[in-house]
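Contents: one structure, followed by commentary.
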Amino acid sequence: MEHIQNGSYQAVNWNYIEDALDKATWEKLTQQFWLDTRIPISNDLRNWQGDLSAAERRVFNLVFGGLTTLDTLQSQDGMAALRQDAVNQKEEAVLNNIQFMESVHAKSYSSIFETLNEKSEIEAVFDWADHNEYLQYKAQKINAIYQEGSPLEKKVASVFLETFLFYSGFYTPLYYLGHNRMLNVAEIIKLILRDESVHGTYIGYKFQIGFKKLSAEEQADLQAWLYDLLYDLYENEEKFTHELYDELGWTEDVLSFLRYNANKALMNLGQDPLFPDSADDVNPVVMNGISTSTANHDFFSGVGNGYLLGEVEAMDSADYDY
Ligand SMILES: [Fe+2]
Ligand SMILES: [Fe+2]
């Protein structure tokens, strides 16, 4: 947004709030601030060395390599692109917070790698991430929208990345959590999921405000564009999932979880679901991993300011119930 108005550089005034959701989201996000360094990942070394097969460790490393790429993209390009279109200064401040937390997310995977792997193994993971065809396809597809898309297209890209594309990676630590393994790694993933739940609903909410202002024809065009994009990303994600998970025999379960989360991304954007998959279709071990992991988290609780997020809460975030 333009910072100079009537010849003056505008100071941000938090005592005048254009949209209560900006302030509520700021409070929610700052309240749930965390750092990777607080979690004792080395307590998972026994599981890593004693309970996971070589194939499982390999898949585990690769999915975290993929997650690193996506969080790097969010921290370096995603939030900067969205911030250009902020409609007020508090929204910019919220996006600043999100941008920093994306850097924390991206760094946290390195803390996991460092604890569990040798240097040469870590280098191999990063080499794989920088060159994997399907991972690079989605990262560059989303980044191109960040660079060239309209304000509403950029928000769609961000929500698809965070509420859909991350989940082929999140499946693995949630699966182990459901089996009571790798619990400290899971703790980090729970914290990331909690952040992404807020990011996805907040950015989705901002999308819905803009979407409602479009004419019926513009809305139909944008809907056609976003469903095409989702199909395109899903097709790529199918190939990515086969490549990663065929060896373990988890592919169909991961794809169902992906479709379930794709629907959630659409709900964040106020759009109808695309796939028939519901929570009942997802591997119960993974759903159990999500739900047992959330006992201490209170997603969008009313702490402090009667924050309810109305319809946002109704967007089926209840399954994650942070
Ligand atoms: Fe993130
Ligand atoms: Fe995020």
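Read-outs: derived from the displayed coordinates by stated rules, not from any lab. Just so you know, these numbers come straight off a predicted model, no measurement behind them. Neighbour counts are summed over all protein chains in view; Cβ atoms, including those assigned to glycine, are modelled from backbone coordinates with ideal geometry.
Summarising the overall dimensions of the chain from its C-alpha atoms, the Rg and Dmax are 19.3, 66 angstrom. Region 1-52 and region 260-285 have Cα centres spaced 26 Å apart.
For the chain, modelled as a GNM whose springs connect Cα atoms under 10 angstrom apart, the maximal fluctuation among E187, E102, E114 occurs at E114.
Using 0.36 nm times the number of residues separating K239 and A224, minus their current alpha carbon distance, what extension gain do you get?
Numbers: separation 15, 0.36 × 15 = 5.40 nm, distance 2.32 nm.
Gain on stretching K239 to A224: 3.1 nm.
The chymotrypsin sites (Phe, Trp or Tyr not before Pro) of region 9-114 that meet both conditions, a loop assignment by DSSP and at most 15 other Cβ atoms within 10 Å of the site Cβ, are W14, Y16, F33. Our note on the geometry: Cα centres of region 151-215 and region 55-80, 13 Å apart. Other residues whose C-beta falls under 9 angstrom from the C-beta of G210 contribute a net charge of +3, scoring Lys and Arg +1 and Asp and Glu -1. In terms of its alpha-carbon gyration tensor, region 159-265 comes out oblate; a/c meets the 1.5 threshold, while b/c is at least as large as a/b.
Explain nothing, just the number: dipole magnitude of region 25-308 about its Cα centre with +1 on each Lys and Arg Cβ and -1 on each Asp and Glu Cβ, in debye rounded to the nearest 20.
I would put it at about 960 debye.
Of all lysines in the structure, those lying under 27 Å Cα to Cα from K212, and not within fewer than 8 positions of it along the same chain, are K23, K28, K90, K141, K154, K155, K264. Here the Kirkwood formula puts the hydrodynamic radius of region 137-192 at 12.7 Å, using every distinct Cα pair.
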